[in-house]
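Worksheet: the structure to be examined is printed underneath.
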Amino acid sequence: MPVPLHHPVDILRLNTCGSVDDGKSTLIGRLLYDSRSLMEDQIEALERSADLTGGGQIDLSTVTDGLRAEREQGITIDVAYRYFATPRRRFIIADTPGHVQYTRNMVTGASSANLSIVLVDARQGVTEQSRRHTCIASLLRIPHLVIAVNKMDLVDWSEERFIEIRDQFEEFLPRLDVRDVQFIPLSALTGDNVVETSKHTSWYPGPTLLGHLEGVHIGSDWNLNGLRLPIQWVNRPNRPTDPGLHDFRGFSGQVAGGIVRAGQKVMVLPSGLVSTVKQIWTYDGPLEEAFCPQSITLLLEDDIDVSRGDMIIGPDNLPGASTDLHARVCWMHSRPLQRGRKYLLRHTTRSVQAAVADIEDRIDMTTLEPEPDPPELGLNDIGEVRLRTSGPLVFDGYGANRLTGSFILIEPGTNATVGAGMLFPPAEVVKPEYSDFAI
Amino acid sequence: MHNYHLDHLQYLETESIHVMREVAAEFERPALLFSGGKDSICLLRLAEKAFRPSDIPMPLLNIDTGHHFPELNGFRNRRAAELGCKLIVRTVESAIANGAAVPAPGEVSRNRLQIPTLLAAIEEFRFDCCIGGARRDEEKARAKERFFSFRDGFGQWDPKNQRPEIWNLFNARLNPGENMRVFPLSNWTEMDVWEYIRKEALEVPGIYFSHARKCVRRQGQWLPVNEVVPPKAGEQVKDLVVRVRTIGDIISTGCIESPARTVEDIIGEIAAARVTERGSRADDKASEAAMEDRKRAGYF
């Protein structure tokens, strides 16, 4: 019996994207199959459905195509999450669909990813979809990008073709904000360079896909500069007779940036009230310090007014606080975003109303160039928008902090989530009125 | 002391605590579905971590099919009392008696009848949110489930019309009569659950560990001999040393032959296992789309 793992393993979150028929589902099926993450009954179920429909051959793509409607249409229509592990890492895969009309699902699957895999069919090369997906991955600031050039078996493992496709990408990559890109030639169908090194690509010196996923450095993907604690829930035990809990008033939340230390000065925004951290309370005992993304409960020295939606910050790397927002918005609903429309805006733990003041541009997904002053943003459009909110948001630029730089828009009435926003850095940061806070 | 990096269990834990606190903050009348099974045992520990030193700000709800393993209900009741939680139990039996649930002619399994029983309980207590222990790694239809899974006025799940879930921002808004199911363990795997049980030294019901039991061979599985569907003539009954990997009703939960006596043994067994957890649940084998159909109808 294998010995279970005792050394710490971490989690890498990734998503896959590509056009229909680029072989995403097959690639995930291959990763699971070759890393021995499929179980006997799953393989059995695969074989059962293959016998019915596929003429006997196992179709690895059916591992992830879970919903009946998808099996009927043979396409993936929603985000499916898959889990597998190697001795070095746990992996959460969001399999996100590739057709034009389902870009919102890609944003859903990719928003929390450390890494995106963009699949390209080696025969087709770069398509509008590949551009769109790479662009979205860059807008979402996914720290690591893999361009998987798939179906290399169908172009005779041609190094020339691989380089041609890499050059196609490198034509537009400089216009995007992508920090770490790895190109990998592979075949999901045959398994070459997915888990096992291919015998056909001696010209390729890089890692296999799984090798890369296991090795990529994700230690610095969370923001550790500038304390941000959005207050989620005020913890007040109703125990008037218990002297230990009588005065307990804790502020619970998930650290969304930076590090908080017992004894440090903090400020509550938007009120501007200042206090000192008395204790970092957790169920497992008090902590000396806590960091993003730990969930904690803060006790403060002073009895000040703090409630859900407030943000506790530290003295360094101050955020912005404003009712005027400038953001890039990905629109996810068939009813378009238009000037003057009102939505509910959810940012960290705070909900406010927001009105669309202006739509400044819309990205043309073919050229990746912005078109100024569009009349509206339709389903799957991405553009720059000015919003005015009913109350101030305490925020950072999305590039500095994905958790305090992002929001969603909700349509009143239907309660549908209609937009995802990424904020530009604040024009000015908050100015603490207390001089001792700035020290 | 820190390298400011969370290992996988710490990461999953903070994500789940975040989800639970969102429920407490955003809903007026939430409930936590607690069966006494291993996943909901983890949910309770996460609730303690999210809400202590306060009381857990929601009652526990269990739908009792009447076909539960008797060991499980005892554990369920005791655990709720230990945590100082209010436990609400609604039975399929009484839902049938008052007409909320209607069995098909000859229908023995209570699996389908849990659905109207749950929906009736939601209506009775006007729950606007139920926290459940489902995980995405259990089954293909579950793999597409959101953390916050919106249900319409009939409790139905529409997989084509799910709310996008972006970053850690959850849209919890409901219109009257609508309902949310929330799954804090969405990203956990079976292995994570057992590793967490080990790390937190959580008590689990004894039937997860190896024990002697009379079993009957049905549909390629060893099912516990029980009074609901007693062995028929010609069915093979054997004395085996078994444990359960997942707990459903006593008539549909397959036992696996196993010598695992400790959590450590179970973790070793899962690491080596070649059959997924739900492979021992006869209710999913009926058809490949079995789970999807139940979920559309309002299953947990």
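Against the condition within 12 Å of chain B (Cβ to nearest Cβ) and modelled with pLDDT of 85 or more, how does A:SER112 come out, does it pass? Judged against the criteria, A:SER112 is a match. Restricting to segment B:91-108, name every residue that is touching a helix residue (DSSP H, G or I) at 6+ places or on another chain (Cβ under 7 Å) and either part of a helix (DSSP H, G or I) or crowded, with 20+ Cβ neighbours inside 10 Å (or both). Once the filter is applied, which keeps residues that are touching a helix residue (DSSP H, G or I) at 6+ places or on another chain (Cβ under 7 Å) and either part of a helix (DSSP H, G or I) or crowded, with 20+ Cβ neighbours inside 10 Å (or both), segment B:91-108 yields B:VAL92, B:ALA95, B:ALA101. Report, by residue number, each residue of segment A:217-234 that is in a loop (DSSP other than H, G, I, E, B) and either of a type outside the set (Val, Ile, Thr) or surrounded by fewer than 19 Cβ atoms within 10 Å (Cβ to Cβ) (or both). Matches in segment A:217-234: A:HIS217, A:ILE218, A:GLY219, A:SER220, A:ASP221, A:TRP222, A:ASN223, A:LEU224, A:ASN225, A:GLY226, A:LEU227, A:GLN232. Kindly indicate the residue of segment B:18-56 that is under 27 Å from A:ASN225 (Cβ atoms) and touching a residue at least 60 places away in the same chain (Cβ under 8 Å) and also farthest from the other protein chains (Cβ to nearest Cβ) among those meeting that condition. Going through the qualifying residues, I end up with B:VAL19. Only residues that are within 14 Å of chain B (Cβ to nearest Cβ) and either over 17 Å from A:TYR343 (Cβ atoms) or surrounded by fewer than 16 Cβ atoms within 10 Å (Cβ to Cβ) (or both) were counted across segment A:400-433, and they come to 8. Within segment B:72-89, is even one residue of a type in the set (S, T, N, Q) and surrounded by fewer than 18 Cβ atoms within 10 Å (Cβ to Cβ)? Within segment B:72-89, one or more residues are of a type in the set (S, T, N, Q) and surrounded by fewer than 18 Cβ atoms within 10 Å (Cβ to Cβ). When segment A:156-169 is filtered for residues that are in contact with a Phe, Trp or Tyr (Cβ under 7 Å, 6 or more places away or on another chain) and surrounded by fewer than 16 Cβ atoms within 10 Å (Cβ to Cβ), only A:GLU159 remains.
Restricting the first member to segment B:196-215 and to residues that are β-branched (Val, Ile, Thr), and the second to residues that are in a loop (DSSP other than H, G, I, E, B), the beta-carbon pairs closer than 8 Å and six or more apart or on different chains are B:ILE197/B:VAL204; B:ILE207/B:PHE69; B:ILE207/B:ILE247.
Only strands (runs of 3 or more DSSP E) wholly contained in segment B:183-281 count here; list those with 2 or more residues that are within 22 Å of the chain's Cα centre (by Cα) and more than 10 Å from chain A (Cβ to nearest Cβ).
Output list reads B:221-224, B:237-244, B:255-257.
Total residues in segment A:206-215 satisfying the condition of being at pLDDT 95 or above and either loosely packed, with under 15 Cβ neighbours inside 10 Å or in a loop (DSSP other than H, G, I, E, B) (or both): the figure is 3.
Quick check, is B:TYR299 modelled with pLDDT of 90 or more, out of contact with any Leu (no Cβ under 6 Å at 6 or more places or on another chain) and of a type in the set (Phe, Trp, Tyr)?
Details: modelled with pLDDT of 90 or more: no; out of contact with any Leu (no Cβ under 6 Å at 6 or more places or on another chain): yes; of a type in the set (Phe, Trp, Tyr): yes.
Taking the combined requirement at face value, the residue does not satisfy it.
State whether the residues of segment A:349-358 include one that is in a loop (DSSP other than H, G, I, E, B) and of a type in the set (A, V, I, L, M, F, W, C). No - not one qualifying residue is present in segment A:349-358.
Between A:ILE280, A:ILE296, the distinction of being at negative phi, more than 12 Å from chain B (Cβ to nearest Cβ), surrounded by 20 or more Cβ atoms within 10 Å (Cβ to Cβ) and of a type in the set (Val, Ile, Thr) belongs to A:ILE280 only. Only one of the listed residues (A:PRO392, A:PRO372) is more than 14 Å from chain B (Cβ to nearest Cβ) and within 21 Å of A:PRO230 (Cα to Cα). That residue is A:PRO392. Residues that are assigned to a loop (DSSP other than H, G, I, E, B), within 12 Å of chain B (Cβ to nearest Cβ), without any contact (Cβ under 8 Å) to a residue 60 or more places away in the chain and over 20 Å from B:ALA47 (Cα atoms) within segment A:235-263 comprise A:ASP242, A:GLY244, A:HIS246, A:ASP247, A:GLY258, listed in sequence order. The selection criterion, being assigned to a loop (DSSP other than H, G, I, E, B) and crowded, with 17+ Cβ neighbours inside 10 Å, does not hold for A:SER138.
Filter segment A:170-202 for residues that are in contact with a strand residue (DSSP E or B) (Cβ under 6 Å, 6 or more places away or on another chain) and not in a loop (DSSP other than H, G, I, E, B); which is surrounded by the most Cβ atoms within 10 Å (Cβ to Cβ)? Once the filter is applied, the top-ranked residue is A:PRO185.
For first residues located in segment B:222-240 and at pLDDT below 85, partners that are surrounded by fewer than 16 Cβ atoms within 10 Å (Cβ to Cβ) and lie 6+ apart or on another chain with Cβ distances below 9 Å form the pairs B:VAL229/B:VAL108. If you go through segment B:41-90 and keep only what is in a helix (DSSP H, G or I) and among the acidic types (Asp, Glu), you end up with B:GLU48, B:GLU71, B:GLU82.
The values are calculated or read from the model by the stated rules, or taken from the named source; none is laboratory data. The shown structure was predicted, so the numbers you read here are calculated from the model rather than taken from an experiment. No Cβ is skipped: glycine too gets one built from the backbone with ideal geometry, and neighbour counts run over all protein chains shown.
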